[in-house]
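Heads up, the thing below is written out as structure tokens.
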Amino acid sequence: MHVVRRRLSRRLPVIACLLLFFAARPAFAQAPVTEAAQPELPPTISLAEARVIIGGAIAFARDNNMRLAVAVVDTAGNLISADSMDGVRSSDMRGAQGKAFAAAVLRQTTQDLSDLVKTRPDRYFGIINMYAGKVYLVGGGVPLAVDGKLVGGVGVAGLHQFVDEKAARAGIAAWDSFRATTKK
């Protein structure tokens, strides 16, 4: 009896592992992949496209003898690329990122969001407190969309009032031209 127990006690862990393996085996099986099973990935913006937007905004500023900082973010507000011209204050770069973040996450221009202080101060200050240190609700941030789907946001800071958004839209126009030529 003692010998039987010893043999069984040596084999018990092996038997338990085999039982677990065969019992869990169906859970490890994968369903065959079909075309219908593939989820549609949301559109994104590449680094090259972000640099085109930045280049377009900077060209607008140069043409108008101005200096700016510009940032491009993805749909979650994560920075893709940013740049600033010589002589721009460091706070302008932070402002550009805050505008781009707000435009992408809240899916509106920051000019429209800044108007909330007059019409819906509770919502305006709620946004400021919810995203403390991340949003800057002053004109200059514009959401980026491809075929009606959000892909990110662009923010421009350092220019005069209402000119930031014009520079952002100049960058978006350059991006639209770039996308039109690369699709073909």
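The values are calculated or read from the model by the stated rules, or taken from the named source; none is laboratory data. Small disclaimer: the values here were computed from a predicted structure and weren't measured. Positions of Cβ are backbone-derived with ideal geometry, glycine not excepted, and every protein chain shown enters the neighbour counts.
So, in the stretch 152-170, of the ones that are aliphatic (A, V, I, L, M) and touching an Asp or Glu at 6+ places or on another chain (Cβ under 7 Å), which residue ends up farthest from SER81 (Cα to Cα)?
Among those that are aliphatic (A, V, I, L, M) and touching an Asp or Glu at 6+ places or on another chain (Cβ under 7 Å), it is ALA157.
Does LYS134 meet the test of being among the basic types (Lys, Arg), under 20 Å from the mean Cα position of the chain (by Cα), over 22 Å from GLY56 (Cβ atoms) and assigned by TED's automatic domain parsing to the domain that holds ILE53? Walk me through it before giving the result.
Details: among the basic types (Lys, Arg): yes; under 20 Å from the mean Cα position of the chain (by Cα): yes; over 22 Å from GLY56 (Cβ atoms): yes; assigned by TED's automatic domain parsing to the domain that holds ILE53: yes.
Yes.
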